[in-house]
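See structure below.
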């Protein structure tokens, strides 16, 4: 990746989903819980602690020193997109066959 993304803004949407805006104007809603693997992320599973995130150095960070690489955030799937795709698939399954 030759482009190095930076997080400019971040706002909690609900649960562990954060709306982010990157320096190229890209906006995504990302479910951060996909990174909750290993002991370093244990504190983030607490919703009260999770809500203490902030933007620092172009990425998302927490008071305990945990951060997520901005490239990983930029490459993550936007949960709004996956919700739309699931809805489309469900609609296709429920439509009667026209043949």
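What's the total number of residues in the stretch 55-74 that are surrounded by 11 or more Cβ atoms within 10 Å (Cβ to Cβ), without any contact (Cβ under 8 Å) to a residue 60 or more places away in the chain and out of contact with any helix residue (DSSP H, G or I) (no Cβ under 7 Å at 6 or more places or on another chain)?
The number of residues fulfilling the criteria is 6.
Go through the stretch 15-35 and give me each residue that's in contact (Cβ under 8 Å) with a residue 12 or more places away in the chain, in a loop (DSSP other than H, G, I, E, B) and over 15 Å from residue 77 (Cβ atoms).
15, 23, 24
Of the residues 80, 12, which is within 13 Å of the chain's Cα centre (by Cα) and assigned to a helix (DSSP H, G or I)?
80
Any read-out appearing in this document is the output of simple, stated calculations on the displayed coordinates, not a laboratory observation. Just so you know, these numbers come straight off a predicted model, no measurement behind them. Heads up, the Cβs are rebuilt from the backbone with ideal geometry, glycines too, and the neighbour counts pull from every protein chain shown.
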